[in-house]
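Structure record follows, encoded as structure tokens.
The values are calculated or read from the model by the stated rules, or taken from the named source; none is laboratory data. Being a predicted model, the structure only gives us computed values, none of them experimental. All Cβ positions, even for glycine, are placed from backbone atoms using ideal geometry, and neighbour counts span all protein chains on display.
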Amino acid sequence: MSGNEKEIHAGHSEPASFAFDAESEAAIAVILKKYPTGRQASAVLALLDLAQRQMKRATGSAWLPRIAMDAVAARLGMPPIRVYEVATFYFMFNTKPVGKWHLQVCTTTPCWLRGSDEVVATCKRATGIEHFGETSADGLFTMTEVECLGACVNAPILQVNDDFYEDMDAASTERLLAALRHDTPPPPGSMIGRQASAPEGGPMTLTTLAQPSAGE
């Protein structure tokens, strides 16, 4: 068994079977039309994402069992190991079950400088999770440390499932986790009301339209 396969098999039970459902099949038909014959392997990221989302619909946990990766490999005519390599390289793919709410905490330098340590500590305290990669005892939360999420201007960032929560601190993290426990996630975006990536308090430039001078 390869190192990748050992990682995929570690610490959880695999489902006995996996087949793409009607929703996934409809999406696959559209995706594969984008690639010429013989180049279907280029769709591996898209199909892995579909498989993971299907697992979320079916089980409540967004993850990729090995048998789902094998289904992707068969559909694209790829050796399974090539699919395993992709799935274990990218942070967005989970090779073991995760909680209903996947807390993906960015701790890269911009977020760290803006207080990501507070976000991490609050997540641990509020969920009972002790280390990255763990799932809370109630199964609601999994916390993962991730690399830069590309929203540094509004750091610190806490990604929950697909949504970015920005400008986080200990208090806003605690409020967010409480809302998630009650299945009432707030709208994603800045937690301090920032407009996109404008300064706090709103835009300070280009706020008025210059009037043309006489004769123009």
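The table below gives the values:
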{"read-out": "Segment 35-62, subset in contact (Cβ under 8 Å) with a residue 24 or more places away in the chain and part of a loop (DSSP other than H, G, I, E, B), residue surrounded by the most Cβ atoms within 10 Å (Cβ to Cβ)", "value": "A62"}
{"read-out": "Residue list for segment 125-155, restricted to those being closer than 19 Å to E166 by Cα and more than 15 Å from the chain's Cα centre (by Cα)", "value": "A126, C152, V153, N154, A155"}
{"read-out": "Any hit, segment 63-71, residues being surrounded by fewer than 20 Cβ atoms within 10 Å (Cβ to Cβ), touching a residue at least 60 places away in the same chain (Cβ under 8 Å) and of a type in the set (K, R)", "value": "yes"}
{"read-out": "Condition check for E145: of a type in the set (D, E), surrounded by fewer than 19 Cβ atoms within 10 Å (Cβ to Cβ) and on the phi < 0 side of the Ramachandran plot", "value": "yes"}
{"read-out": "Given (1) over 26 Å from L113 (Cα atoms); (2) buried (at least 16 other Cβ atoms within 10 Å of the Cβ), index of the condition P156 fails", "value": "(1)"}
{"read-out": "Condition met for T127 (farther than 27 Å from G60 by Cβ and either among the polar types (S, T, N, Q) or surrounded by 15 or more Cβ atoms within 10 Å (Cβ to Cβ) (or both))", "value": "no"}
{"read-out": "One residue from A68, A121, A62 being assigned by TED's automatic domain parsing to the domain that holds A41, touching a helix residue (DSSP H, G or I) at 6+ places or on another chain (Cβ under 8 Å) and within 23 Å of I157 (Cβ to Cβ)", "value": "A62"}
